[in-house]
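The values are calculated or read from the model by the stated rules, or taken from the named source; none is laboratory data. All values derive from a computational prediction rather than experimental measurement. As a convention, Cβ positions derive from the backbone with ideal geometry for all residues, glycine included, and neighbour counts pool all protein chains shown. The accessibility values were calculated without ligands, DNA or RNA, using every heavy atom of the protein model including side chains. Shrake-Rupley method; radii C 1.70, N 1.55, O 1.52, S 1.80 Å.
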Amino acid sequence: MHYTLHQLQIFLKIAQTKSITKAAVELNLTQPAVSIQLKKLQEQFDIPLTEVIGRQLYITHFGAEIAITAQKVLDEVATINYKSKTYKGIFSGKLALSVVSTGKYVMPYFLSDFLNQNKGIDLVMDVTNKSKVVKSLENNEVDFALVSILPDDIQLQSEILLENKLYLIGNQNAVSEIHNNDLDLFNEFPLIYREEGSATRIVMENYLYRNGLQSAKKIQLTSNEAVKQAVIAGIGYSIMPIIGLKNELENGDLKIIPMKGFPIQSNWHLVWLKNKSMSPVAEAYIKYIRDEKTNLKTNYFSWIDNY
């Protein structure tokens, strides 16, 4: 057999995404290039790695076993590369994080200086919804995760990075008749929700439940950016973390609607499994966070205190 590391990497990504198209996007390759490499890998086995039923690609049991082995091989290759750098005096390794989608406005600022100071460290960061972040923690797939709502069914350690404030948000033409504590808004205007599993959605639903409210019309979108653009366009209102709204609030595209119970406050937590055996890179990162988080908050997020 003469399969290559490149073929194993491509097949592993196909197994993870269950899609040649998605694998091509994540690997920055064309779909035909991914298909060709999958075909070349398959030619070296008598047993199918994948099967297509209808238009859906599935990984066979044999393919799943190969994917597990491919992951181990690629991890060992990465270890060789890191050890090579270490012998050259370069601090190296992999730092893996899973971040809730709104956390993309937070996490890069708590990473940039650390990565610039340690050029040998590779970052793998998955930005997804809360349920998938929790799953990655449960499966011990990441070093750290960033969440605003702590899961209560996993034993975790945590470090608070920043406060998280959520407000009721409308566009620049939001009705001027809305006054503080005017909860009738929720009975009259559409409310834009994030998808099931989103921490922001959980906060919205808890607020409505506590106040005995129902929205006149529910619109569901699958990303914070999509919600933001929908509010700007005047489709409806939403309850949103202020962390991703700085530019739009400053230029007037969005505005905060005064309302009873707002802001809803929590914290952005960097979390990891309790008693987790940390790599040298993970240990270095948590030390960096504890030493620098106050300065990082002051340098990048002091504007939040104005709201």
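When the chain is treated as a GNM, springs tying every alpha-carbon pair under 10 Å, which of Phe189, Phe11, Phe262 comes out with the largest mean-square fluctuation?
Phe11
Relative contact order of the chain: what whole-number percent is it, with Cα pairs under 8 angstrom and at least 6 residues apart?
20 percent
Considering only Asn251, Ala230, Met240, whose Cα is most displaced toward the positive end of the charge dipole of the range 171-283, charges sitting on Cβ of Lys, Arg (+1) and Asp, Glu (-1)?
Met240
Ignoring ligands, DNA and RNA, how do His6, His61, His269 rank by accessible area with a 1.4 Å probe, largest first?
Highest to lowest solvent-accessible surface, that is His61, His6, His269.
Whose amide H sits under 5 Å from the amide H of Val127, counting only residues 5 or more places off or on another chain, with H placed in the peptide plane?
HN-HN under 5 Å from Val127: Val99.
Where is the GNM fluctuation largest for the chain (alpha-carbon springs, 10 angstrom cutoff): Asp152, Asp75, Asp46?
Its mean-square fluctuation being the largest, the pick is Asp46.
How many angstrom lie between the C-alpha centres of the range 223-291 and the range 1-61?
A separation of 36 Å, based on Cα centres.
Under 16 Å from the Cα of Lys228, which lysines turn up, not counting those fewer than eight places away in the same chain?
Here the lysines satisfying the reach criterion relative to Lys228 are Lys104, Lys165, Lys218, Lys246, Lys255.
Can you give the accessible area per residue of the chain, in Å², using a 1.4 Å probe?
Normalised by residue count, the accessible surface of the chain is 54 Å².
May I ask for log10 I(q)/I(0) of the chain at q = 0.07 Å⁻¹, from a Debye sum over the Cα atoms as equal point scatterers with solvent left out?
Normalising to I(0) and taking log10 leaves -0.36.
Taking the Cα centre of the chain as the origin, how large is its charge dipole in debye, to the nearest 20, when only Lys and Arg (+1) and Asp and Glu (-1) carry charge on their Cβ atoms?
Values: 32 positive and 32 negative charges, 97 e Å.
Computed about the Cα centre, the dipole is about 460 debye.
Counting only residues 5 or more places away or on other chains, whose amide H sits under 5 Å from the amide H of Ser238 once H atoms are built in the peptide plane?
Ile169, Ile192
Quickly work out the Ile160-to-Gln16 label distance, labels modelled 7 Å from Cα along the C-beta direction, and quote it in nm with one decimal.
Reported label-point gap for Gln16 and Ile160 is 3.4 nm.
Report the net charge of residues surrounding Gly236, where surrounding means a beta-carbon distance below 10 angstrom and charges are Lys +1, Arg +1, Asp -1, Glu -1.
Values: positive: Lys217, Lys218; negative: none.
So the environment of Gly236 carries a net charge of +2.
Accessible surface of Thr128 in the full protein assembly, 1.4 angstrom probe, to the nearest 10 Å²?
Only protein atoms counted, so the area is about 20 Å².
Can you send over the solvent-accessible area of Asp143, 1.4 Å probe, protein chains only, in Å² to the nearest 10?
Solvent-accessible area, nearest 10 Å²: 20 Å².
Starting from the residue with the highest accessible area, list Glu195, Glu292 in decreasing order, probe 1.4 Å.
So the residues, ranked largest to smallest area, are Glu292, Glu195.
Per 0.36 nm of contour for each residue apart, how much would the distance between Lys72 and Lys246 grow if the chain were fully extended, relative to their Cα-Cα spacing?
Gain on extension, Lys72 to Lys246, equals 58.4 nm.
Please give the calculated 222 nm ellipticity per residue for the chain, where each DSSP H segment of at least 4 residues contributes -39500 (n - 2.57) and the sum is spread over every residue; nearest 500 deg cm²/dmol?
Mean residue ellipticity at 222 nm (helix-derived): -13000 deg cm²/dmol.
Amide H neighbours of Leu162 under 5 Å, counting only residues 5+ apart in sequence or on other chains, H built in-plane at 1.01 Å?
Under 5 Å from the amide H of Leu162 lie the amide H atoms of Trp268, each far enough along the sequence or on another chain.
In nm, to one decimal, how far is the modelled label at Gln31 from the one at Ile53, with both set 7 Å along Cα→Cβ?
2.2 nm
Ranked by accessible surface with a 1.4 Å probe, highest first, in what order do Trp272, Trp303 come?
Trp303, Trp272
Compare Ile160, Ile53, Ile192 in a GNM of the chain, Cα atoms joined below 10 Å, and give the one with the largest fluctuation.
Answer for the Gaussian network model of the chain: Ile53.
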